[in-house]
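The values are calculated or read from the model by the stated rules, or taken from the named source; none is laboratory data. All of these numbers come straight from a predicted model, not from anything done at the bench. Note: ideal-geometry Cβ built from the backbone for every residue, glycine included; neighbour counts use all protein chains shown. Areas reflect the complete protein model, heavy atoms only, side chains present, ligands, DNA and RNA absent. Shrake-Rupley method; radii C 1.70, N 1.55, O 1.52, S 1.80 Å.
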Amino acid sequence: GKCPLKGVQEIRYSVLPHGDRWDRAGVQQESASWNEPLVPVFGQWSEPGESNSLMFVTDPSVEIASFQRGGRDGYVRLFNSAPEAKFFHLIVDGELTQASAVELDGRPIGELKRKRGSREHRCSIELTLRPFGLATVRLHELSGKKDSQP
């Protein structure tokens, strides 16, 4: 109506057959992979078998929706795409002094339980997200495992 199409238009679509309900079949995760493909970033080479991921979650229903730096801190937005509450760990492959839950505008909610991981510079943060819930985690004074190397 008010915005007629002009010039060449391009769309793409996909059909994703699944046997269960959309929320149990991982349609949200497939949609994120399709619409937000990973973008490669040049960095230092790692040792064979070593991960270059700064962080990951232990439940495939929970997505890392965004990550931003704010000074020396990192802010991670998490989304639970499952129809039930999920208990999971956010694994951070770096050093941090504290982890806390914060509101969308950065106001603190409370400190999160974290423990040292099995590998050097790795820590695990315990979280629970309600169905289709969002959470923002502040990683205080976050430094990657390679930040201190020349």
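Which parts of region 88-110 would a label at Arg116 reach, counting a residue when its backbone N lies under 16 Å from a point 7 Å out along Cα-to-Cβ?
92-98
Mind checking which aspartates and glutamates have their Cα closer than 13 Å to the Cα of Lys115? Skip sequence neighbours fewer than 8 apart in that chain.
Answer for Lys115, where 13 Å is the Cα cut-off: Asp93, Glu95, Glu126, listed by chain and number.
What distance in nm separates the simple spin-label points at Glu84 and Gln98, each placed 7 Å from Cα in the Cβ direction?
3.5 nm
Go from 0 up to the bin containing the longest alpha carbon distance in region 51-140, width 5 Å each, and give me the % of pairs per bin.
Reading upward from the zero bin: 3, 14, 27, 27, 19, 8, 2, 0.
Excluding ligands, DNA and RNA, what is the solvent-accessible area per residue of region 51-140 at a probe of 1.4 Å, expressed in Å²?
That works out to 54 Å² per residue.
What is the distance, in nm, between label points placed 7 Å from the Cα along the Cα-to-Cβ direction at Leu16 and at Ile109?
Computed distance between label sites Leu16 and Ile109 equals 2.5 nm.
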